[in-house]
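The values are calculated or read from the model by the stated rules, or taken from the named source; none is laboratory data. Quick caveat, the model's predicted, so the values are computed rather than measured. No Cβ is skipped: glycine too gets one built from the backbone with ideal geometry, and neighbour counts run over all protein chains shown. Note: areas computed on protein heavy atoms with side chains; ligands, DNA, RNA excluded. Shrake-Rupley method; radii C 1.70, N 1.55, O 1.52, S 1.80 Å.
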Amino acid sequence: MIVAEQKPLEDIIRMIVPYERVLILGCGTCMTVCDAGGEREVSFLHNALQLAQARSGEGAHTFSEHTVKRQCDPEFLEALGEKTADVDVILSLGCGIGVQAIAEYLPDMPVLPGVNTSFMGMTKESGVWDERCAACGECRLEDTGGICPITRCTKGILNGPCAGVKNGKCEANKDMDCAWILIYQRLERLQQLDKMRRYYPPRNFRAIPRPRRIMSKAETVTGESNG
Amino acid sequence: MNVANTSYPVNRTENVPDHSLVPPCQDACPLHMDIREYVGLVSQGRIMEALQVIRTGNPFPSICAYVCTHPCEDACRRSQVDKPIAIRSLKRFAVEFGGDRMVQAEAETTHAEKVAIVGSGPAGLACAYYLKKFGYPVTVLEAHSELGGMLRVGIPQYRLPREVLDIEVKRLTRMGVEIRTDTRVVSLDLLFELGYKAIFITIGAHQSLRMGIEGEESPGVIDGATFLREVNLGLKPSLGRKVAVVGGGNVAIDAARTAIRLGVKKVSILYRRTRAEMPADPAEIEQALEEGIDIRYLVTPTKVKRENKRLNVTCIKMKLGKPDESGRQRPVPVKGSKFSEQIDTLIAAIGQAPQTPDDFGVRIGKGSTIQVDPNTLTTNRAGVFAGGDAVTGPATVTEALAAGRLAALRIVDYLQHRYPLPVKEAKEKLSGDLLPETIEMIKKIERAEPPSLASEVRARDFEPIELVYSWEQAINEARRCLRCGVGVEILFQDKCATCLTCLRVCPYHVPHLDASGAICIPADQCQACGICVAECPAKAIVLRKPFDRRQVNDELSHAIKSAAELKNKPLIIGFCCQYGLFGTGTLADLWRGAGAGVSIVPVLCVAKVEASHILSAFETGAEGVFIAGCGEQCARENTTYWVQQRVAKVRKVLGSIGLEPERLQVFALGTTTEDPVEELDKFVEQIGSLRLASVIKGEVKS
Ligand SMILES: Cc1cc2nc3c(=O)[nH]c(=O)nc-3n(C[C@H](O)[C@H](O)[C@H](O)COP(=O)(O)OP(=O)(O)OC[C@H]3O[C@@H](n4cnc5c(N)ncnc54)[C@H](O)[C@@H]3O)c2cc1C
Ligand code: SF4
Ligand code: SF4
Ligand code: SF4
């Protein structure tokens, strides 16, 4: 799941200055799950912006709110319908993808990002999320016992642990487990310690061809070109 | 008048789906009273409203408050946690403190068809009450010199003071119910000839069953119902020094306890089974033992002989054999265990049956009861209805009241030539037991019993023995209610993002994932704490009752409207829990003592105050906001923790728009050493100075 954090209120207030009528738009999927932009957060931000405006006596915004099921699919955006007719800007509480999907779907409407999209991760406990994947495009979890050294090792090294490990913790942050110690322990349990003894060549930092695209369907239907 | 509506409790808010379920207490009550609602009102100290709810469902609540056998308590789900809610005692508290005796009942006669009611027990009086309310002229005909049936001539005064019954009778007379005492009805034809269009027979079950043993007719042997009737009508039968009562039901216990009060030195009860099978109310058995009554189990008399002005009673010991039709083990005599005893009086209280005059012409069934259609209470004769003990055999006051109410509705249907409307349950029933993991998390709070007279004192006379709760006791007892069936639901499953927040935050482990990966919140486990409602990031969870759902918002807008009048003072908005002690006056002290314009938003538990609500309070111009809850006294789990989470979140917003975070405070009883009133005073002062500072800042700016 994609994890994000709502931008500081000050930043949001600054961003909306040029616009009068602001639609705060939530996303009912990842942003709801990570507490950054679901219906509850949309309402809360709405209240906060109104309070800020009332207290400062500055700004003459009018706010409206709505939440779609998922911002990253244009079909869900169709549900917006007339809701965008009387607004000057959409303040999206979707992740960076949602913001762009709206920009593509509504070519004449400015869109502002209300959250800082942070990482792909998992829930540690209610209200706490940890990064787990960097979308590097070259997954090596097979060799590392299902523990990602790229996101969980501060240095992202492929042949760890480095000399900075002390009592199983990382030298950069004493509260953080050393990813490579975790990998070692797990491989030991799985009786695959031989994988530790191998040498992994450096990652290929050549530019990844962008924009990337993935297809889960056949690229061409026989007899037709996809042009 | 819509008759169909009068049989159901009225919904508070129209047109909004109410998905609350019928709790087991209400389902078990023959009158189907809205127990959860009035217990909830008592727990908030709203006694007058509690009484209103009680009166909507019960024509004579003060009587039930003394003598109801409370099947609701037997069904109460709290007994799976510790002990059931003391529902009857709470009703007693509500009728006493709410002033039930002052309530005026009025009725106008709007119809011409006269109805006759034969018998003035609870069934007859309830039917008279409702028919009169519906506008029909009613006459109650009673064989005895006074009204009330078994309430007058059966139940002893120490359990039901006659003054309580007299108030109800007076109310009926004031409503215009015509009363004819000393009138035994022997034929119904005469009543029809006199112009009555419908007749309700409620003659009760007053014929005592015979023991069927030798010597039963001897002087000195008396039946329980007759004995109690004589005492209740002011006679003082001479019983001698030693009395034995035969039987194990409430009548036997009442007869024994009455004998003790008449000064008999030694009273024993002979019961042929064991205590476990005894049908009498356990609490009353306990009280009888306290009063010095000797209960002898597995004993039955076989012969009585009058000798030297005393009775020689031969008894035999019993043991329990194979189960009979009723499922209880049948007692069988133990060979060679006969013994005899000298006593002065033998009271046989082994049951009663109705005795219907032959000339009534109604069909009689098993146990001499009158046969009726259970849905319409019609007999085989047109225009003749029957109900109460006469139909069921000896039962209870509430069942009789329910029969009286049903009869009134069906008689109206009959008189208006209407096909009786089907009695349809409007709401689903709550079923299913609490799970062990839910029970484990529910706070155990001891059941408070109302005070009663000491056993040495009470056995001397017929003074009522049960006293009333104090205000504090009642509120604490009412707070134990689990509010079964008013929890939460996911109104639109589609909104749920399956984020699992609810599953993680619920203190009672209620929400769970089903096999298809959808979140379920089972109604039979939810404790209605409201934490998940505020925490769900998709706003997918709502409280089942529309009133609960809108409560905080509605109250907030009320508070804001009234606050508009306090122009010159700094406005402070306080979200205050209404349960427990906050409902009793501590809250009132809070505002009275305050030097600012404090506007209170009453909430049913602070856990239902969302972060957005707090921001809205500031938005309306409040200089300070506080949340006051019962802290450690809260009957629910983790409520203060979640309030603190939301407060931290709001304080962050306040900080980023230049408002001091101290403008938002939490007061929880029991968590600070300070008196909440003093704490609030300090807060008010602080807000006052913050405001001054901001005014000065404002002036410097401009
Ligand atoms: C000792 C005792 C204690 C009890 N304690 C409790 C208790 O604690 N809680 C509880 O819920 N229930 C209790 N009950 C049961 C309860 O009192 C009865 O179930 C209830 O009163 C039945 O009401 P009813 O209206 O059907 O009949 P009743 O109350 O029996 O009233 C019938 C009336 O009809 C009159 N009548 C009979 N024939 C005629 C006629 N031909 N013409 C005119 N009038 C006639 C009778 O005089 C009587 O007044 C007790 C019963 C007894 C006997
Ligand atoms: S806990 Fe309350 S709502 Fe539930 S059965 Fe008991 S009295 Fe009724
Ligand atoms: S908290 Fe709300 S969105 Fe999350 S699983 Fe529960 S109902 Fe669904
Ligand atoms: S209302 Fe309370 S008890 Fe019910 S599911 Fe939500 S958190 Fe659990």
List every residue whose amide H lies under 5 Å from the amide H of B:Ile295, counting only residues 5 or more places away in sequence or on a different chain, with H placed 1.01 Å from N in the peptide plane. B:Ile269
Beta bridge orientation in segment A:2-119: antiparallel %, DSSP, nearest 5: 20
Quickly work out the B:Thr302-to-A:Arg186 label distance, labels modelled 7 Å from Cα along the C-beta direction, and quote it in nm with one decimal. 8.4
Provide a whole-number value for the mean count of partner chain Cβ atoms within 10 Å of the Cβ atoms in peptide A:29-39. 5
Within segment A:107-204, DSSP-loop trypsin sites (Lys or Arg not before Pro) with at most 16 other C-beta atoms within 10 Å are A:Arg140, A:Lys155, A:Arg198, A:Arg203
Determine, from the Cβ-Cβ distance of B:Lys335 and B:Asp358 and an R0 of 45 Å, the FRET efficiency 1/(1 + (r/R0)^6), rounded to the nearest 0.05. 0.55
Given an 8 Å cut-off on Cα distances and at least 6 residues of separation, report the relative contact order of chain B as a percent. 14
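Leaving out ligands, DNA and RNA, what percent of the accessible area of chain B is carbon and sulfur, probe 1.4 Å? Please report the intermediate quantities before stating the final value.
Numbers: 15780 of 30520 Å².
Of all accessible area on chain B, carbon and sulfur atoms account for 52 percent.
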Please report the net charge: other residues with Cβ closer than 15 Å to the Cβ of B:Ala112, K and R +1, D and E -1. 0
Among B:Thr181, B:Gln52, B:Ile347, whose Cα lies farthest out toward the positive end of the dipole of chain B, if unit charges sit on the beta carbon of Lys, Arg (+1) and Asp, Glu (-1)? B:Ile347
Lysines near B:Lys429 by alpha-carbon distance under 16 Å, same-chain residues fewer than 8 away left out - which ones? B:Lys545
Normalised by the number of residues in segment B:104-248, what is the relative contact order in percent for Cα pairs under 8 Å and 6+ residues apart? 29
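By its C-alpha gyration tensor, with a ≥ b ≥ c as the square roots of the eigenvalues, how is the protein assembly as shown shaped: rounded for a/c under 1.5, else prolate for a/b larger than b/c, else oblate?
In terms of gyration-tensor shape, prolate.
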Once phi for every residue in segment B:260-272 is put through the Karplus expression 6.51 cos²θ - 1.76 cosθ + 1.60 (θ = phi - 60°), the whole-Hz ³J(HN,Hα) values, with Gly and Pro written as x, are 4, 6, 8, x, 5, 6, 10, 10, 10, 10, 9, 10, 7
Tell me, what HN-Hα J-couplings in whole Hz come from the Karplus equation 6.51 cos²θ - 1.76 cosθ + 1.60 at θ = phi - 60° for each residue of segment B:485-495, using x for Gly and Pro? x, 10, x, 10, 8, 9, 5, 10, 4, 5, 6
DSSP beta bridges in the protein assembly as shown, what fraction antiparallel, as a percent rounded to 5? 40
Could you work out the per residue convex hull volume over the alpha carbons of segment A:2-119, in cubic angstrom? 82
Ignoring ligands, DNA and RNA, what percent of the accessible area of segment A:134-207 is carbon or sulfur (1.4 Å)? 50
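If you take the beta carbon distance between B:Ser187 and B:Ile213 as r and set R0 to 30 Å, what does 1/(1 + (r/R0)^6) give as a FRET efficiency, to the nearest 0.05?
0.25
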Per residue of B:608-620, what is the mean number of Cβ atoms on other protein chains within 10 angstrom of that residue's Cβ? 4
Angle check, please: helix B:397-415 long axis (alpha carbons) against the longest principal axis of chain B (alpha carbons), in degrees 0 to 90, nearest 10. 90
Burial ranking of peptide ranges B:89-96, B:363-370, B:225-232 (average Cβ count within 10 Å, highest at the top): B:89-96, B:225-232, B:363-370
Whole-Hz Karplus ³J(HN,Hα) for segment B:84-100, in order, using 6.51 cos²θ - 1.76 cosθ + 1.60 and θ = phi - 60°, x for Gly and Pro? x, 5, 7, 5, 5, 5, 5, 5, 4, 4, 5, 6, 6, 7, x, x, 4
In debye, nearest 20, what is the charge dipole magnitude of segment A:134-207 about its Cα centre with +1 on Lys and Arg Cβ and -1 on Asp and Glu Cβ, if you could check? 120
Would chain A count as rounded, prolate or oblate if I go by the C-alpha gyration tensor, calling it rounded below 1.5 in a/c and otherwise prolate when a/b exceeds b/c, oblate otherwise? oblate
Does anyone have the angle between helix B:546-563 and the longest principal axis of chain B? Alpha-carbon axes, 0 to 90°, nearest 10? 50
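What's the local net charge at B:Ser340, with K and R +1, D and E -1, over the other residues with C-beta under 15 Å away?
In short, +4.
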Most positive-pole-ward Cα, A:Ala103, A:Val89, A:His46, against dipole of segment A:2-119 from beta carbon charges: A:His46
Need the C-alpha centroid separation for segment A:36-99 versus segment B:253-329, integer Å. 77
Assuming R0 = 25 Å, can you tell me the calculated FRET efficiency for the pair A:Met120 and B:Ala515, based on Cβ-Cβ distance, to the nearest 0.05? 0.35
Given the peptides B:604-615, B:658-669, arrange them by the average over their residues of other C-beta atoms within 10 Å, most packed first. B:604-615, B:658-669
Inter-label distance, nm, simple model (7 Å from Cα along the C-beta direction), B:Asp413/B:Phe547: 2.8
For A:Ala4, what charge total do you get from the other residues with a beta carbon under 13 Å from its beta carbon, if Lys and Arg give +1 and Asp and Glu give -1? -3
For chain A, what is the calculated [θ] at 222 nm in deg cm²/dmol (nearest 500), taking -39500 (n - 2.57) for each run of four or more DSSP H residues and dividing by its residue count? -7500 deg cm²/dmol
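Using a/c under 1.5 as the rounded threshold, could you call segment A:134-207 rounded, prolate or oblate? The axes a ≥ b ≥ c are square roots of the C-alpha gyration tensor eigenvalues, and prolate needs a/b larger than b/c, oblate otherwise.
oblate
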Per residue, how much accessible surface does chain A expose to a 1.4 Å probe? Answer in Å², no decimals. 59
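Looking only at chain B, where both bridge partners belong to it, what percent of the DSSP beta bridges are antiparallel (to the nearest 5)? Could the numbers behind the result be given before it?
Numbers: 27 of 77 bridges.
Antiparallel bridges make up about 35 percent of those DSSP assigns within chain B.
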Give me the accessible area buried between chains A and B, both sides summed, with a 1.4 Å probe, in Å² rounded to the nearest 100. 2200
Quick check on chain B: what are the equivalent-ellipsoid semi-axes from the Cα gyration tensor, as sqrt(5λ), descending, whole Å? 56, 30, 25
